[in-house]
Amino acid sequence: MFALASGLILVSGLLRLGNVFKMIPSTVTSGISNSTALLLVWLAVQQVTHSTWAAALSAGVMVICVVLWTKVQAHVRALAHVPGVLVALLAGLAVSLVTEPAVAPPAAGPALSLAWISVRLWPSLLAQPDLARMLFLAVPASVTLALVMVLESFTATAVMETRFGLRIDASRELVVLGGSNLVSALLGGVPCTGAPTRCVAGWTAGGRGVGAAVASLVLTGLLLLALGSWLLALPAGVA
């Protein structure tokens, strides 16, 4: 389903249909972003409420830290460049170490293996007896997923053009979005789209051009390889 959605986006870009999607009103794209944010908040609330009181305490301390840290930064200039999310994460970990059972460190780093490449599983999918029914359900879902991915990315495009006066080739954005996600689908990754928060933060911090994109890709990959098993061991309240 993910591969089909990515392929649809890629073909739309090659057919130069970017300006068609760009005409969708910003209220629609903003609604998609806000709905996603509300869904994430609701999932986080469910995770904490179905966990222990210690997890709820960790989450509460982190939220308070984010709110208070902005006020502290307004009075102490030296702390202006220390991100609130980092302070909240450290505070949440500190509370978790005191209130929750210690999590054993991973015995070893992630082993390099080809077993996670999802395209290797496709032959077994084709052998399923209810393949026709699966396709009947997957095709409309793939179209929906493709539209959501495009709308989220074009929200970021609209923000960048409005705030910084950029002129973005919408069709080229579709080619990049569809092509990169198609590779992710073949390798076993998850959908990824452009987001106003990441785009604005990167631009204002000076991360512009191909070099910045390559550096972000390499550093993120190395962090996931080095810290992947640690991230999985994070307490529920911190996550």
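The values are calculated or read from the model by the stated rules, or taken from the named source; none is laboratory data. Keep in mind that what you see is a predicted model, and the values were worked out from it rather than measured. Glycine also receives a Cβ, built like all others from the backbone with ideal geometry; neighbour counts cover every protein chain displayed. Accessible surface is based on the protein model in full, side chains and every heavy atom, while ligands, DNA and RNA are left aside. Shrake-Rupley method; radii C 1.70, N 1.55, O 1.52, S 1.80 Å.
Six or more apart or on different chains, Cβ atoms under 9 Å: show the pairs whose first residue is in region 117-139 and touching a residue at least 12 places away in the same chain (Cβ under 8 Å) and whose second is among the small types (Gly, Ala, Ser) and surrounded by 10 or more Cβ atoms within 10 Å (Cβ to Cβ).
What qualifies is ILE117/GLY188; SER118/ALA3; SER118/ALA185; SER118/GLY188; SER118/GLY189; VAL119/ALA3; VAL119/ALA185; VAL119/GLY188.
Yes or no, residue by residue, for (1) among the hydrophobic types (A, V, I, L, M, F, W, C); (2) within 14 Å of ALA44 (Cβ to Cβ); (3) modelled with pLDDT under 90:
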| site | (1), (2), (3) |
| --- | --- |
| ALA56 | yes, yes, yes |
| TRP69 | yes, no, no |
| ALA74 | yes, no, yes |
| ALA78 | yes, no, yes |
| HIS81 | no, no, yes |
| LEU89 | yes, no, no |
| PRO101 | no, no, yes |
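For region 68-93: of the residues being open to solvent by less than 50 Å² (accessible area, probe 1.4 Å) and small (Gly, Ala, Ser), which is nearest to PRO235 (Cα to Cα)?
In this case the residue turns out to be GLY92.
In this structure, is THR99 open to solvent by less than 60 Å² (accessible area, probe 1.4 Å), of a type in the set (S, T, N, Q) and either under 30 Å from GLU161 (Cα atoms) or touching a residue at least 40 places away in the same chain (Cβ under 8 Å) (or both)?
Yes, satisfied.
How many of the residues making up region 172-198 are among the small types (Gly, Ala, Ser) and crowded, with 18+ Cβ neighbours inside 10 Å?
Residues that pass the stated criteria total 3.
Just to be sure before I move on: is ALA239 touching a helix residue (DSSP H, G or I) at 6+ places or on another chain (Cβ under 6 Å) and either surrounded by 12 or more Cβ atoms within 10 Å (Cβ to Cβ) or in contact (Cβ under 8 Å) with a residue 60 or more places away in the chain (or both) in the structure I sent?
no
Within the bounds of region 202-213, is there any residue that is touching a residue at least 60 places away in the same chain (Cβ under 8 Å), at negative phi and not polar (S, T, N, Q)? Before the answer, list the steps.
Pass one, region 202-213, residues touching a residue at least 60 places away in the same chain (Cβ under 8 Å): none.
Within region 202-213 (the criterion being touching a residue at least 60 places away in the same chain (Cβ under 8 Å), at negative phi and not polar (S, T, N, Q)), the answer is no, since none of the residues qualifies.
Conditions first: (1) open to solvent by less than 40 Å² (accessible area, probe 1.4 Å); (2) of a type in the set (Ser, Thr, Tyr); (3) over 23 Å from VAL214 (Cα atoms). THR144 passes all but one, so which condition is the exception?
Only one criterion is unmet by THR144, namely (1).
Return a yes/no flag: does region 108-124 have any residue that is polar (S, T, N, Q) and under 22 Å from the mean Cα position of the chain (by Cα). So that I can check it myself, show each step before the final result.
Within region 108-124, the subset polar (S, T, N, Q) is 113, 118, 124.
If we keep only those that are under 22 Å from the mean Cα position of the chain (by Cα) as well, we get 118.
Among the residues of region 108-124, at least one is polar (S, T, N, Q) and under 22 Å from the mean Cα position of the chain (by Cα), which makes the answer yes.
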